[in-house]
1. Can you name every residue in segment A:190-205 that is part of a helix (DSSP H, G or I) and without any contact (Cβ under 8 Å) to a residue 12 or more places away in the chain?
2. Which residues, counting only those in segment B:62-88, are in contact with a helix residue (DSSP H, G or I) (Cβ under 6 Å, 6 or more places away or on another chain), part of a loop (DSSP other than H, G, I, E, B) and facing chain C (nearest Cβ under 7 Å)?
3. Out of C:ILE118, C:ILE96, I need the residue that is surrounded by fewer than 20 Cβ atoms within 10 Å (Cβ to Cβ) and touching a Leu at 6+ places or on another chain (Cβ under 7 Å). Which one?
4. Identify the single condition in (1) open to solvent by 30 Å² or more (accessible area, probe 1.4 Å); (2) part of a helix (DSSP H, G or I) that A:VAL160 does not satisfy, given that it satisfies every other one.
5. Quick one: would you say B:LEU51 is crowded, with 23+ Cβ neighbours inside 10 Å and of a type in the set (A, V, I, L, M, F, W, C)?
6. Only one of (1) within 16 Å of A:GLU174 (Cα to Cα); (2) surrounded by fewer than 23 Cβ atoms within 10 Å (Cβ to Cβ) is not met by A:VAL259, so which one is it?
7. Looking at (1) under 30 Å from C:VAL162 (Cα atoms); (2) crowded, with 19+ Cβ neighbours inside 10 Å; (3) more than 7 Å from every other protein chain (Cβ to nearest Cβ), which is the only condition C:VAL56 fails?
8. Of the residues C:PHE149, C:PHE104, which is under 30 Å from A:ALA224 (Cα atoms), open to solvent by 50 Å² or more (accessible area, probe 1.4 Å), outside any loop (DSSP other than H, G, I, E, B) and at pLDDT 90 or above?
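The values are calculated or read from the model by the stated rules, or taken from the named source; none is laboratory data. Everything numeric here is computed off the predicted structure, so don't read it as measured data. Every residue, glycine as well, gets a Cβ built from its backbone with ideal geometry; the counts of neighbours run over all protein chains shown. Note: accessible area is taken over every heavy atom of the protein model, side chains too, but ligands, DNA and RNA are not part of it. Shrake-Rupley method; radii C 1.70, N 1.55, O 1.52, S 1.80 Å.
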Amino acid sequence: MASALSNLQRTVSAPVVRPRALRDPLWLRLTLMGVAFLFLASFLLLPLVSVFAEALRRGVGAYLESFNDPDGWHALRLTLLTAAIAVPANLVFGVAAAWAVAKFEFPGKSLLITLIDLPFAVSPVISGLIYVLVFGAHGWFGPWLSEHDIRIVFAVPGIVLATIFVTFPFVARELIPLMQAQGKDEEYAAVTLGANGWQTFFRVTLPNIKWGLFYGVILCNARAMGEFGAVSVVSGHIRGETNTLPLHVEILYNEYQFVGAFAAASLLALLAIVTLVLKSAVEWAHARRHG
Amino acid sequence: MSITATAITKTFGRTKALDAVDLHVPDGKLVALLGPSGSGKTTLLRILAGLDFADRGSGRVEFHGEDVTDTPAGRRGVGFVFQHYALFRHMTVAENIAFGLTVLPRKDRPSKAEIAVRVDELLRLIQLPDVGGRYPSQLSGGQRQRVALARALAVQPKVLLLDEPFGALDAQVRKELRGWLRRFHDEIGLTTVFVTHDQEEALELADEVVVMNHAKVKQVGTPQEVYDQPASPFVIEFLGNVNRFTPARNPLPGTGDNALYVRPHDVDIRREPAGEHSIHARVAHIFSAGSSGRVTLVRADNHDTIDAEVSRARLRELDLKVGDEAWIVFRHIRLFPAGSYTERDVVPDDAHAATTDSGHGI
Amino acid sequence: MSSSRHRSVLPGFGLSLGFTLVYLSLIVLVPLAAAFIEIAGLTWAEFTAAVSDPRVVASYKLSFGASLAAAAVNAVFGLVVAWVLVRYPFPGRRVIDALVDLPFALPTAVAGIALTAIYSKNGWVGQWLEPHGMQVAFTRVGVFVALTFIGLPFVVRTLQPVIEELEPELEEASATLGANRLQTLARVVLPPLLPALTTGFAMAFARALGEYGSVVFISGNMPMKTEITPLLIITKLEQYDYAGATAIAVVMLIVSFVLLLLINLLQRRARRIA
């Protein structure tokens, strides 16, 4: 359902100076711009700025000191580890799905595309819940898992699985329309020239989709590192063990350690800013290349 | 209603789309703005409509002596038909046609019943009485074009402006609509300006042709005038096929430092030498599957090719075969100073003053 | 039709489709099926009791109402923002355009505590509202504010490409026919945008229904008053009431799937019209 959103093919062209007949009257332009800026400032800019303001409320010293927290560092490491597993997994899946959908015809294709979108439509809380149902103590595999002393739910594997679920469609959603638009001619040409499958993919297809791929990875990574609801359900909130950075923020906040909570949040906000900058850079590079 | 545009200059960024252009469209005439793409013809039409405006401080547009230079499009009383029709997709044909009436201020707006009557009249006028309830997507290209015309006419414009009116149609429909538009114009006598890059269309349809190139008007005249007395190498080359010879390769003696132009239908082919002006050549290609025969010949002296167009009767009489020897006689030539040929992209406006109109048979 | 039956020119069909289907099944389909299988163990009476408990019904009302209100606000302001970003040249446009995606990039928990800080009694906005008797944090209004934040990009991003592709000739035609600018905007520009606007609205609504992280901090989570449905699922889970949690989840899943179908339908229709 986010299909129309994170699409690299979105043009980001500058508005051309329009003929006078098409220009809105000055009063209307000023009104609409005022409304738009006020809305965006109060709903987007204000929260973003407030994260840093709250983190620095007691001064830079207190801010820096709050990083002196082993549980915080552990949470950061777990967040990075989770993303390091979830993103490549969904990257491989996204490429495979896009290859199958874009290069071949088969019955049920549009159903498959809809199913790939499914995780976007599921509430994060439910994304966590279903893994508890499968792997939890009362779940399908619960008894077998506890017999073999394997923990999935309320442990790292559960966190990784729930993260993979919520970030499942990002890369595929980006690549499918891109590869469909590019068609198959170049691959056919490569095959007639004697390239094998992997050569065709790495030397012809991949260079054509690298921007879309990178774009999907950026968005996938942002979500993987920032996921809260799904991870919250499966993590069990064990400090220093199953807390990711967003969960750590919650714990500190609920313990009224506001500076610490906002300091950890400021790291995640920085991640968001880097994501937005990279995303715009990719859109720009793409727009310039494909005019 | 006549249209007069004076000293119109329009720049987009660094490119000049129109360079001090003057234009006069007499009342009730059907005028074509003809030129290659990028010549500024569409920009000129849009400035007449009030969709674009000339550069600040330049130019003046008058409708029947009244200054409308700064009047916005909606208040000029123009009907504008867009190249791709610009029909409103979410409205039926009838709603499209009625649009201009329904946006009138309440005190001037006709009643719903009056609007319905007017729409019916217009649908009959464009010979599509039954399509009022359909949506534009359900019409053919030619039908859409006529609906766009009806929509423009509904507001009873004083001037009708059409941008490449047949550009998006296939050849057959094009021909039909062309004849229909001519008859239509003769019936209602509305001052009409249309833009085209198709010389055949301009010559066949218009009362007067305005030939444009590189942001300037090159020549104005009746179709016959611009065709028979082209004012510059550009005009002769743009209006139909022509053989062109630089001074160095000029086949005729005594033409001086001039480039020579001759239309294929002014080239006659003989089987025998015909005096000192006949050119020795060999037949390279014969194309006889048309209304007239076209023959490509290669000059014996320097292998330049010359195209000739002769009647099919004459072609039979000549009984030519590829490889045959032949002699070429020009019936009518046109000379332009060599300088104007080599620099024809930047022809000075006084070029036609230096033109030698040497329309003599040889 | 099916090149799987013929020898295909390009290799990798079996491998890529096979992997796709296995991965899709293991990660998405089987776990989702678990939810439906879990409630199969309930009797109809147990199920209806679980999903129609007054506290649960109160959460539906809040989740639906606040999501609807947030999506509506986003539809109106998103239209204005998209129009301004596409049509009006102004310095810094690129930065603001990038900022629109912030709700996608900012972790929801961060958004949640930031919004709470802003709207609490002594927060940047809260301190101005408080004297007028308006409380946002820990009320339903707070839920609405958080849901507006996370739904903001949907309408803007669905509208932008459609506005960019509007043919300028349509507006010019309207102008030459005598319409003033407001008439042109209302009668020529807006109608072709409606399908995309509806799609964006539905997406923002669907996203808001399931949202958790940004809401739980600002809502205060008072039973019968400011509890959203996803929170109730977590509450039941924490009480080890798996069946009860799953029953509510299934209701939400069905609503989400219907919305997903509706959005797909809307998009398909929008594409057909365009």
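1. First pass over segment A:190-205, keeping only residues part of a helix (DSSP H, G or I): A:190-192, A:197-205.
Residues satisfying the conditions are A:VAL191, A:THR192, A:GLY197, A:TRP198, A:GLN199, A:PHE202.
2. Here is the first cut: in segment B:62-88, the ones in contact with a helix residue (DSSP H, G or I) (Cβ under 6 Å, 6 or more places away or on another chain) are B:73-74, B:78-82, B:85-88.
Remaining after also requiring part of a loop (DSSP other than H, G, I, E, B): B:82, B:85-88.
Scanning segment B:62-88 gives B:PHE82, B:ALA86, B:PHE88.
3. Values: C:ILE118 fails: surrounded by fewer than 20 Cβ atoms within 10 Å (Cβ to Cβ).
Result: C:ILE96 is the single residue among C:ILE118, C:ILE96 that is surrounded by fewer than 20 Cβ atoms within 10 Å (Cβ to Cβ) and touching a Leu at 6+ places or on another chain (Cβ under 7 Å).
4. A:VAL160 satisfies all of (1) open to solvent by 30 Å² or more (accessible area, probe 1.4 Å); (2) part of a helix (DSSP H, G or I) except (1).
5. Numbers: crowded, with 23+ Cβ neighbours inside 10 Å: yes; of a type in the set (A, V, I, L, M, F, W, C): yes.
Yes: the conditions hold for B:LEU51.
6. So the condition that A:VAL259 fails would be (1).
7. In the conditions (1) under 30 Å from C:VAL162 (Cα atoms); (2) crowded, with 19+ Cβ neighbours inside 10 Å; (3) more than 7 Å from every other protein chain (Cβ to nearest Cβ), C:VAL56 misses (1) alone.
8. Numbers: C:PHE149 fails: open to solvent by 50 Å² or more (accessible area, probe 1.4 Å).
C:PHE104 is the lone residue from the list that is under 30 Å from A:ALA224 (Cα atoms), open to solvent by 50 Å² or more (accessible area, probe 1.4 Å), outside any loop (DSSP other than H, G, I, E, B) and at pLDDT 90 or above.
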